[in-house]
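Here the structure is laid out as structure tokens; the discussion comes afterwards.
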Amino acid sequence: MCAASTARPAKGSVTPAVEAQGLTKAFGSGPTEVQALRGVDLSLRQGVFLAVMGPSGSGKSTLLHLVGGLTKPTSGKVLVGGQDLSALNDDALTLLRRRRIGFVFQFFNLLPILTALENVALPLIIDGVREAEATQRAAAAMELVGIAHRRGHRPGKLSGGEQQRVAVARALVTEPVLILADEPTGNLDSTTGDQVMALLRRLVDERGQTILMVTHDPRAAAMADSLLTLKDGFVAHEQRLDGGRSAGEILRELEGLS
Amino acid sequence: MRLWAYTVRELWRRPGRTVLTVLGIVIGVAAVVSVSLASAGARDAFSNMFDQVAGRAALEVVAQARTPFDPAQAQAVESLPEVEAAVPAISVQAALLHGQERSPVLVLGIDPRVDGLVRDYVLREGALLSDETEVKADDLSDEAGAGAPVEALLEAGFARTLGLALGDEARLLTPTGLATLRVRGLLALRGAAVFNNGAVVVLPLERTQRLFDQEGRVNTVQLVLADGADVVAAQERVARVLPPGLIVQRPASRGGLADETLANTELGLSALSALALVAGAFIILNTFLMNVGERRRQLAVMRALGATRRQITRLLLREAILLGSGGRSWVWPPGRGSRRYSSDPCRVWWALTPPASR
Ligand SMILES: Nc1ncnc2c1ncn2[C@@H]1O[C@H](COP(=O)(O)OP(=O)(O)OP(=O)(O)O)[C@@H](O)[C@H]1O
Ligand SMILES: [Mg+2]
């Protein structure tokens, strides 16, 4: 763990963790074509926590998937840690996802057959790490998110908040440059949601983790450093959230937008 | 640690689904295997039946046109060292009449002195044909000899359906008119009596030839080879001494009726096997689709976590092989008893190929 945090470049170093230039994405073709994104630019410094908000269907998830290399843009390009994703073939892209990006999903997406610990270790197993080492690193990640006492349980036996913390540990275990989270609190009650948000905040503050998070929840968004608002596939708004803006203020602002 | 070994835990952590999957495979494989075994069994039975009629002869001489011929033409083969014995026979269709009962029969005219070399006769009651049952040619020329009842062997069950007992007389409708037969022996449904489902009448050769206006002619001369003689070599030697119009063949390719029956049966069995294969494949495919469908989300998650397409494919293949061999060993438990079929994929292939394309 310590080795990883010292290896990580200091907050605000020159290469942005993520850059997107003129991103567009269309689904389908002809009369059924949907323009999910219509030209999005983005630059995210390392160690920054960015929240993306916007009405349903505004293209938030699409943006996240493009940045994570899960889908290819119709035009424009994405750079992760300076690496142009469009230059990578499927295997190289998969490798980049495996080692440099961690995902946290709304529905946790833990494998039900594996224990919490095995789930957290899975990305390392996929990478060919020996099980003993993978288990050890997974246990450390679980410790970090405060869920170590549940390591032997299967996801079905865990509460939503616990499952999401396991998922965060899984995203962390490979020590990625970037964590992508799609509505990580969307399926949690507000108290557990707050706990997960506090955890993400702590990762940014203590470990210099870069996070890009999509959310509908102003309470969650308020924990970020910056807020990007999408509307109809465009960036409608971009602002820093430094210093004491309350969730209520953000909410009012958003309501004014739509 | 290999990824597949890690995720294969799924199989024993969810035993219910695993058992269902294996069961699906078992049913699929069992359908194919049982039908092909049944087919092979039926095929064996049929070819056995024809073997019994064709007998144990390794080769037979027939006319190219499948018409009756004079066995004297083939006499030269008897002097070949490879040929131990030459057994002539004639078979013709006729009808048997007894009281109100009448039945089409196959008449088999045999030489009682030598026929035992190539065909089995299992006697239930009475006596077999012998030298004396063959009335000499000069006796036949006088009226009494020609009019004397012909000694006949019938299959016991067939005789019973006609109400015929040992010593009874029946009439045989032939091209030369009605002849009187006397039941000399009743045969078990084995050997030569199997042919035509038992509707067979075994008569002495010369009387048969006369009754059917085929004096001095036979359909086939079956050859019993000397011990250790090579069939292929012998076939070549025999072919060389035969006059034009006669051929020597392996009794496996038998004329007319037998071939046709066999071909029809084969076709039916092949269709059945193909159907079972399709059904079996469908069940297995369905089982796997169900599994993959259920796990598509999991696989997508694994892709997002950085598993390559190749890793996922291998994972599923390993699992399929594991489940498949599990299912297979239910149907064919490893061991000696199953060797005969499990070690012989040709058998299944054989069951599935229509005879015409072989
Ligand atoms: N795979 C797809 N095929 C076709 N259309 C799609 C696909 N994915 C997204 N879309 C469309 O693209 C648009 C943007 O979708 P996206 O999921 O990015 O929205 P979102 O902002 O995440 O919405 P939500 O807040 O409801 O999750 C929507 O109109 C959606 O219907
Ligand atoms: Mg979405």
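The values are calculated or read from the model by the stated rules, or taken from the named source; none is laboratory data. On a predicted model such as this, the values are computed, not experimentally measured, just so you know. Positions of Cβ are generated from backbone atoms using ideal geometry, with glycine treated the same way; all protein chains shown enter the neighbour counts. Each accessible area value is taken on the protein alone, full model and side chains, heavy atoms only, with ligands, DNA and RNA left out. Shrake-Rupley method; radii C 1.70, N 1.55, O 1.52, S 1.80 Å.
Model label sites at B:SER103 and B:SER79, defined 7 Å from Cα along the beta-carbon direction, differ in position by 4.5 nm.
Each label was represented as a point 7 Å from its Cα along the Cα-to-Cβ direction; for B:VAL241 and B:ALA42 these points are 4.3 nm apart. In the assembled protein chains, A:ILE179 presents an accessible area of approximately 0 Å² (probe radius 1.4 Å). Label-to-label distance for A:LYS72 and A:LEU95 is 1.8 nm, based on points extended 7 Å past Cα in the beta-carbon direction. Ranking A:LEU199, A:THR71, A:PRO184 by Cα position along the charge dipole of chain A, where only Lys, Arg, Asp and Glu carry charges on their C-beta atoms, puts A:LEU199 farthest toward the positive end.
Working note: Karplus 6.51/-1.76/1.60 with θ = phi - 60° gives region A:72-83 the couplings 9, x, 6, 8, x, 9, 10, 10, 10, x, x, 8 Hz, where Gly and Pro are set to x.
Based on the Cβ-Cβ distance from A:GLN136 to B:LEU267, what FRET efficiency comes out when R0 is 60 Å, to the nearest 0.05?
Details: r = 66 Å, r/R0 = 1.10.
For R0 = 60 Å, the calculated efficiency reads 0.35.
Please state the relative contact order of chain A as a whole percent: Cα pairs under 8 Å, 6+ residues apart? Intermediate values should be presented prior to the final figure.
Details: 510 pairs, mean separation 66.1, N = 258.
Across chain A, relative contact order equals 26 percent.
Heavy-atom accessible area buried between chains B and A is around 2300 Å² (1.4 Å probe, both sides summed).
In the context of the full protein assembly, B:MET290 retains an accessible surface of approximately 90 Å², using a probe radius of 1.4 Å and ignoring ligands and nucleic acids. Once backbone amide H atoms are built at 1.01 Å from N, A:HIS237 has A:THR229 as its partners under 5 Å, excluding neighbours fewer than 5 places away on the same chain. When nucleic acids and ligands are ignored and a 1.4 Å probe is applied, B:ILE27 ends up with an accessible area of around 90 Å². Once the partner protein chains are put back, region A:95-141 shows a loss of at least 50 square angstrom of accessible area, versus the chain by itself, at A:ASN109, A:LEU111, A:ILE113, A:GLU118, A:ILE125, A:ILE126, A:GLU131 (probe 1.4 Å, ligands and nucleic acids excluded).
Based on DSSP, what percent of beta bridges with both residues in region A:18-241 are antiparallel, to the nearest 5? Intermediate values should be presented prior to the final figure.
On the way: 21 of 38 bridges.
Around 55 percent of the beta bridges assigned by DSSP in region A:18-241 are antiparallel ones.
The loop-placed chymotrypsin sites (Phe, Trp or Tyr not before Pro) in region A:86-159, going by DSSP, that have at most 16 neighbouring Cβ atoms within 10 Å of their Cβ come out as A:PHE107. With the convex hull constructed from alpha-carbon coordinates only, region B:56-250 shows a mean projected area of 11.0 nm² over all directions.
How big is the Rg/Rh ratio for chain A, C-alpha atoms only, Rh by Kirkwood, two decimals? Show your work: numbers first, answer last.
Numbers: Rg = 17.8 Å, Rh = 18.6 Å.
So for chain A, dividing Rg by the Kirkwood Rh gives 0.96.
With the convex hull constructed from alpha-carbon coordinates only, region A:11-147 shows a mean projected area of 10.6 nm² over all directions.
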